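The values are calculated or read from the model by the stated rules, or taken from the named source; none is laboratory data. Quantities reported herein were computed from a predicted structural model and do not represent experimental measurements. Every residue, glycine as well, gets a Cβ built from its backbone with ideal geometry; the counts of neighbours run over all protein chains shown. The accessibility values were calculated without ligands, DNA or RNA, using every heavy atom of the protein model including side chains. Shrake-Rupley method; radii C 1.70, N 1.55, O 1.52, S 1.80 Å.
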Amino acid sequence: MYVGIDVGTSMVKAAAFDTTGRQLGVECRPVSLDLHGGVVEQDMEEVYGAVVAVLEALTSAVDEPVELAGLTGQGDGVWLVDGEGRPVRPAASWMDGRAHELVGRWLADGTVETVFRRTGSAMFPGCPGPLLAWLDRHEPEALDAAKAALYCKDMVFQRLTGAAATTDVSDASMPFLDPRTRTYDDRVVEVLGLAHRRGLLAPVSDPVATAKTRGEGLPPGTRIANGPYDLPACALGAGVTSPGDGLLIVGTCLASLVATTELDLTGEPAGLYISTDRPGDWLRAMPAMVGTAALDWVLSTTGVRHDEVDGLLAGTPPGANGVSVLPYFAPSGERAPFVEPRLRAELTGVCLESTRGDLVRATCEGIGYAARHCLQAAGLTGSLAVCGGGTRSSAWMRLLADVLGRPLRVVEGEVGARGAVLAAAGRYGVPLDTEAWTAPTAVVEPDPERAAFYARGYEEHLDRLAGARARARR
């Protein structure tokens, strides 16, 4: 069997596949987030322990020899480790907002734009540049004690294999990697005031690093490859490699990706260009901060269960009886398709007659409008695949097809883990039928009348967003 490991923000998963791409089994373990005052951190030992636990459970449940394993995981954030890959301090998550004032200053003085013009990456509070700069100012002793500032999957790879700390071109894309040379841009490091911390940036392995496991979670000697991180891994797992084709990941993060062979560093600094394992091919990424996390918050607040969502969506008309949601719930604001650290969610049109169904539908519609904005900015011209936890709601998929006004190739299952295996197979030269591995499970067509309604709603969404952005800057 082939094993894909996906170290997510709130859930760690390991999935097993056979040679044809059929999913044989999956094991999951939740991991916690420590949120306080805009600070969002994770316990690295808890995360690594969950990785080992899901691998042990998977290999026990699926009694087949492991041919190879691929690793992916959440991107951004700062995972400070010592020489053995063990934590120096808790990991600062990509959702962390402590550096929002620093990013605000960098937006005002042109630093964000300078970095974007050089690397194609528009910084936000939870990406490594601002976080390292904040830590350098407020916790220099942590940086002094660290051997490397890694990304999540890199820490796991080092612990599983004992290999030296490295990262890959996809994780390094934000914000230090020059996408043309596929090496760090030292001028960017200098502009961010981190030249004296340059040694913390892990070497970029191009192609992705490989090693053999030490025996924790997987049998000793198992071949494993590190990377790419979860967004490009999902693109691989969904078969999104042709220029113009796109992927929408309806997960904790609402990520829009479009494959491209053109590098355009003009325009509004937003999102990023993710380097892939194919030089000259990039993913134009617009990863909005909040996807299913916004709906989860609304469900928790209103007391609605996840299994009630489809019924509520079916029983509430398009437009949610006048209720609308700007779904910018992240404490660090928004990063795509614009950077606005102080932007917050807004709920309007509510009255005593509004129902829980109105609130749920308005949230799903708002997330759909945000996705349309991101996909438009990313340059979508071809087909659109969709994956992530949100695909479990068939009613939400129909709503998304209507809001986006285009067919959706739904790819279910553990798409990130699937992409991690395909990346590992390519690295090791193991021939797999990628078309079979990435075939959609369904195609959802939009309803023309509802699509026309939502096209008008999208313009109203942009007007409301412009007002919210203006208020955020006051």
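When every residue of region 97-113 is checked against the conditions, at least one turns out to be in contact (Cβ under 8 Å) with a residue 40 or more places away in the chain, more than 22 Å from T9 (Cβ to Cβ), part of a helix (DSSP H, G or I) and open to solvent by less than 10 Å² (accessible area, probe 1.4 Å). Restricting T19, T59 to residues that are surrounded by fewer than 18 Cβ atoms within 10 Å (Cβ to Cβ) and at pLDDT 95 or above narrows the list to T19. Remark: pairs (first residue in region 420-433, touching a residue at least 60 places away in the same chain (Cβ under 8 Å); second residue assigned to a helix (DSSP H, G or I) and open to solvent by less than 60 Å² (accessible area, probe 1.4 Å); Cβ separation under 7 Å; 6+ apart in sequence or on different chains) = A420/A233; L422/L236; L422/G237; L422/W437; A423/A233; A423/L236; L432/L422; L432/A425. Here the condition is being closer than 24 Å to E414 by Cβ and among the hydrophobic types (A, V, I, L, M, F, W, C); of A225, A164, it holds for A225 alone. None of V156, V204, V189 is without any contact (Cβ under 8 Å) to a residue 40 or more places away in the chain and open to solvent by less than 10 Å² (accessible area, probe 1.4 Å) except V189.
Filtering region 133-148 to residues that are of a type outside the set (F, W, Y), open to solvent by 10 Å² or more (accessible area, probe 1.4 Å) and under 23 Å from the mean Cα position of the chain (by Cα) leaves nothing. Of the helices (runs of 4 or more DSSP H) lying entirely inside region 274-378, those carrying at least 3 residues that are in contact with a strand residue (DSSP E or B) (Cβ under 9 Å, 6 or more places away or on another chain) and either of a type outside the set (V, I, T) or over 20 Å from V403 (Cβ atoms) (or both) are 356-378. Scanning region 187-215 for residues that are of a type in the set (V, I, T) and in contact with a Pro (Cβ under 8 Å, 6 or more places away or on another chain) returns V188, V208, T213. Hey, does region 40-54 have a residue that's part of a loop (DSSP other than H, G, I, E, B), free of Cβ contacts under 8 Å to residues at least 24 places away in the same chain and either of a type in the set (S, T, Y) or out of contact with any Ser or Thr (no Cβ under 7 Å at 6 or more places or on another chain) (or both)? Among the residues of region 40-54, not one is part of a loop (DSSP other than H, G, I, E, B), free of Cβ contacts under 8 Å to residues at least 24 places away in the same chain and either of a type in the set (S, T, Y) or out of contact with any Ser or Thr (no Cβ under 7 Å at 6 or more places or on another chain) (or both), which makes the answer no.
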